[in-house]
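Take a look at the structure below.
The values are calculated or read from the model by the stated rules, or taken from the named source; none is laboratory data. A quick note: this is a predicted structure, and the numbers were derived from the prediction, not measured. Cβ sites come from the backbone with ideal geometry, for glycine too, and all protein chains shown count toward neighbours. Just the protein is used for accessible areas: all its heavy atoms, side chains included, with ligands, DNA and RNA removed. Shrake-Rupley method; radii C 1.70, N 1.55, O 1.52, S 1.80 Å.
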Amino acid sequence: MHQESRRGTAAKLRSLEEESKNKTQQLQELQKKELDLLREKNALEEKQKNLEVEIEKRFLEKRKEIEDSAIKREQEIFDLKTKEYKLQMEQQQKLIEELKRKSEQGSMQLQGESQEILLEEIFREYFPFDLIKKWAKALKRCRLHSNRKQQHGYCLRQNDL
């Protein structure tokens, strides 16, 4: 009986050792799987971080492109307005020069007309019996005319035009 009990105990011991060996092997396999899963988790986390960095990088690049485009568009608008302003200034300067020229021309015309009035008054004073009359501006050569006692007329002031 002892031997049987020893055999039973030995069989139990072998069975327990076999079970322990299986459990140790299963534990090692589970630990290996756990380690593989941790590695995969770390790899996925790393990929996610890289993806987030890439997304942020693309976002910043797109933002920079938009900013550059807006700056370029504003610069073009500014350049266009500057050219428009310069063109207006040139047109205004030409207008000023034209008005100045016309003003000087008008001033010369006024001087000429005042001289004609003065001459007319002088002729009327010195030649009271003569017919002194003004001619229209359309007659370009002579603007003040005198008929002396039914004789031929004389041009008293030659037009400068």
Residues of the range 111-129 that turn out to be of a type outside the set (Phe, Trp, Tyr), assigned to a helix (DSSP H, G or I) and out of contact with any Lys or Arg (no Cβ under 8 Å at 6 or more places or on another chain), as a count: 10
Selection within the range 106-126 - open to solvent by less than 90 Å² (accessible area, probe 1.4 Å) and free of Cβ contacts under 8 Å to residues at least 24 places away in the same chain: Gly106, Ser107, Glu113, Ser114, Ile117, Ile122
